[in-house]
Amino acid sequence: MAKEPNTGESITWLGSLGFAVSADSKHPEEAFELAAYLSVDEDSQRNLMERGAGFPNLIEMAETEYLELDFAPENKQVFLDIATEQSQPLPAELTYDGEWYDYFGETIVDVWEGRKTVDEYVADVAPRMQAY
């Protein structure tokens, strides 16, 4: 796990998927019910967790039932620690969308591989990044 340079603490990105309901949905109530069922319903979370398909979104469930399950990984506490103490949101978490971050990921390789200096890279991508 990466270390935060200023504190030396272990930290990693925490990514997840999100469910959304389109404003144009023909069945907004049903769509919301499905999104809620898949993301915060206890029975749904328990089903996924017990089949090993995922870490529960419900922290109370993760702190109890998940830790008590008798299957891999052996040290489930690591996942709970990451979710509750050792993670940070992805860079695009609080922006309108992640297009700018996707573009950054696609283009920063020019700096890593020495084709551009940081200053050249910033000058080249700044207009498009700002547009995103």
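The values are calculated or read from the model by the stated rules, or taken from the named source; none is laboratory data. All figures in this text were calculated on a predicted structure; none of them were measured in a lab. All Cβ positions, even for glycine, are placed from backbone atoms using ideal geometry, and neighbour counts span all protein chains on display.
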Answer with yes or no whether residue 37 is surrounded by 11 or more Cβ atoms within 10 Å (Cβ to Cβ), more than 27 Å from residue 97 (Cβ to Cβ) and aromatic (Phe, Trp, Tyr).
-> no
List pairs: first in the range 22-42 and farther than 20 Å from residue 55 by Cβ, second part of a loop (DSSP other than H, G, I, E, B), Cβ under 6 Å, 6+ apart or cross-chain?
-> 28/21; 31/21; 31/25; 32/21
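Rundown of residues vs (1) under 17 Å from residue 18 (Cα atoms); (2) in a loop (DSSP other than H, G, I, E, B); (3) in contact (Cβ under 8 Å) with a residue 12 or more places away in the chain, yes/no style:
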residue: 55; (1), (2), (3): yes, yes, yes
residue: 64; (1), (2), (3): no, no, no
residue: 72; (1), (2), (3): no, yes, yes
residue: 80; (1), (2), (3): no, no, yes
residue: 92; (1), (2), (3): yes, yes, no
residue: 104; (1), (2), (3): no, no, yes
residue: 126; (1), (2), (3): no, no, no
Residues of the range 3-47 being farther than 25 Å from residue 82 by Cα and in contact with a helix residue (DSSP H, G or I) (Cβ under 8 Å, 6 or more places away or on another chain), in sequence order, are 21, 22, 25
Within the bounds of the range 9-20, is there any residue that is hydrophobic (A, V, I, L, M, F, W, C), modelled with pLDDT under 85, surrounded by 11 or more Cβ atoms within 10 Å (Cβ to Cβ) and over 23 Å from residue 97 (Cβ atoms)?
-> yes
For residue 30, work out the one condition from (1) over 30 Å from residue 103 (Cα atoms); (2) over 20 Å from the mean Cα position of the chain (by Cα); (3) in a loop (DSSP other than H, G, I, E, B) it doesn't fulfil.
-> (3)
